[in-house]
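A short worksheet on the structure shown next.
The values are calculated or read from the model by the stated rules, or taken from the named source; none is laboratory data. All values derive from a computational prediction rather than experimental measurement. Cβ placement follows ideal geometry from the backbone for every residue including glycine, while neighbour counts extend to all protein chains displayed. Remember, those area values only see protein heavy atoms, side chains included, never the ligands or the DNA or RNA. Shrake-Rupley method; radii C 1.70, N 1.55, O 1.52, S 1.80 Å.
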Amino acid sequence: MYASREDIGYDFGDDSKVGSKPIKPNPNIDGGWAWMIVLSSFLVHILIMGSQMALGILNMEWLEEFNESRGLTAWVSSLSMGITLIVGPFIGLFISMCGCRKTAIIGGILNALGWILSAYASNVHYLFLTFGVTAGIGSGMVYLPAVVMVGQYFQKRRALAQGLSTTGTGFGAFLMTALLKYLCTEFGWRNAMFIQGAISLNLCVCGALMRPLSPKDVVSEKYVVRSNSEDNQAKALSHSAETIKSNGVLSEELEKKEEATNEEVLDSVQYTETGGKSRSGRNMYGLRILKTVSQLTVTVRKGFAVWYSSYFGAASLFTNRVFVAFIIWALFAYSSFVIPFIHLPEIVKQYNLSSQNNVFPLTSIIAIVHIFGKVILGIISDLPCISTWNVFLMANFTLVTCILSLPLMQTYVSLAVVCAVIGFSSGYFSLMPVVTEDLVGTKHLANAYGIIICANGISALLGPPFAGWIYDITHKYDFSFYISGLLYMVGIIFLLIQPCIQKKQPREKSTEEAQV
């Protein structure tokens, strides 16, 4: 059912020669600077995801300021949250060309610019461009590198590291809600957004902490020994993996030929520069510019080649059937988590439970337990005898059961219990990067996870309006939860049937298996 990245063999190229020579592990893997990466990712989740969870404060201010409809005004927050995730595949291109550190720093500047420009908004449509698009793209440029870097720096405790870093979302929801409420009360919403823009510049500091690993350290990760339970489950997927790998060898050879040609161009420029020392300073300056442009061109072409081959080339990620099933699951999953946050207050009002909910809101119960769920599920997944995939599936089954049963609960206590279970089981979000990395490998994590969060973004963007549309027709939220829960179940079924289909297909033993 489940396959680790070593068993799938999604690493492009033949590593049999490299595997014969043991590589000394980097002390920063699973320790040292790796924990600074976790801290950086934790702060990114506070500043980005936490701020987006607190946009309800600003939404009330915008309604009062611009006197627009609730539906139109709500699109500002929806655009910001949706675009942050939807731009994932394109951010993967930036990471391939510039690396995680530069991408995150540029994104921090763009995010801060979006907040600051929004302080001068004259209407809601202005906010669509400045906050929804500009700040949303900037958030996406920081969020994806924060997740990818944690995956690169951890091998044995990846699930725990991702769980700790993503708890920043829960902490940020509380901190940013209190901060924005205070700033709006004391200084007004415009000055509050200006101040928040200045605070968002700290994302550049978080990006600067994302020190890249050398390619040697990333390659050495392939030789980490996995648990026997995962190795046994991996056999179900090796057929499609071998096809991907054979295609990947061809693309790698083409890349090497292209690199050799580019190096010859750079050498010729360098030779011309060296031989022209007696020339004027203007000519030397021009040669340096030419050399810089040539190096930049090589970097951009190489990054684009990696990005293009991941999506459209012979070694496309979409040739991995389980990964495709994972994408289909992501299209339905995220809305099932977002819808309760959006519509629970209305349900509480319908059941006349507002007085109890004001003492301890149900959404706060989800947020608090969600923090513990991420950490605990991460710890469980890192146990040698436990499969991350099985933990991921069990959490999904639990969550979809709660979504389907939520409309049946009509007392505050029963709703609180279901919301607590929703919060805990939705902690599987911290396992999503781990499962993605296991399917495609560290080298393709940025592009692959970009696709997954893009699917989540589409789900988050369309899910709540769809639930509102169902309510307008039926005047009940029950059907919204039932339909979203059933669609969620369809996604889970896709995750279950794909490994079974692959297991039935005959396959030949790979070279690596023969050596073992």
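Yes or no, residue by residue, for (1) exposed (fewer than 14 other Cβ atoms within 10 Å of the Cβ); (2) of a type in the set (Lys, Arg); (3) more than 30 Å from PHE90 (Cβ to Cβ); (4) at pLDDT below 80:
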residue	(1), (2), (3), (4)
ALA448	no, no, no, no
ILE452	no, no, no, no
ALA455	no, no, no, no
ASP472	yes, no, yes, yes
PHE479	no, no, yes, yes
LEU495	no, no, no, no
ARG507	no, yes, yes, yes
GLU512	no, no, yes, yes
GLN515	yes, no, yes, yes
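Could you check the stretch 193-213 and list, in sequence order, the residues that are over 15 Å from GLN152 (Cα atoms) and either open to solvent by 30 Å² or more (accessible area, probe 1.4 Å) or among the aliphatic types (A, V, I, L, M) (or both)?
Result: MET193, PHE194, ILE195, ALA198, ILE199, LEU201, ASN202, LEU203, VAL205, ALA208.
Across the stretch 363-402, what is the number of residues that are open to solvent by 10 Å² or more (accessible area, probe 1.4 Å), among the small types (Gly, Ala, Ser) and not in a helix (DSSP H, G or I)?
Count: 0.
Given the condition over 17 Å from ASN456 (Cα atoms), free of Cβ contacts under 8 Å to residues at least 40 places away in the same chain and surrounded by 19 or more Cβ atoms within 10 Å (Cβ to Cβ), answer yes or no: does some residue in the stretch 424-439 qualify?
No, the stretch 424-439 has no match at all.
I'm checking my understanding of the structure. Among residues of the stretch 158-192 that are in contact (Cβ under 8 Å) with a residue 12 or more places away in the chain and more than 19 Å from VAL44 (Cβ to Cβ), which one is surrounded by the fewest Cβ atoms within 10 Å (Cβ to Cβ)?
The qualifying residue surrounded by the fewest Cβ atoms within 10 Å (Cβ to Cβ) is ASN191.
Can we say ILE137 is out of contact with any strand residue (DSSP E or B) (no Cβ under 8 Å at 6 or more places or on another chain) and crowded, with 24+ Cβ neighbours inside 10 Å?
Criteria not met by ILE137.
Restricting to the stretch 79-123, name every residue that is surrounded by fewer than 20 Cβ atoms within 10 Å (Cβ to Cβ) and over 19 Å from LEU203 (Cβ atoms).
Across the stretch 79-123, the qualifying residues are MET97, TYR120, SER122, ASN123.
Please go through (1) of a type in the set (Phe, Trp, Tyr); (2) farther than 20 Å from ALA198 by Cα; (3) modelled with pLDDT of 85 or more for PHE42 and return the number of the only condition it doesn't satisfy.
Failed condition: (2).
Please state which one of LEU353, LEU344, LEU317 is open to solvent by less than 50 Å² (accessible area, probe 1.4 Å), outside the structural domain of MET97 (by the TED database) and at pLDDT 80 or above.
Only one candidate passes the filter, namely LEU353.
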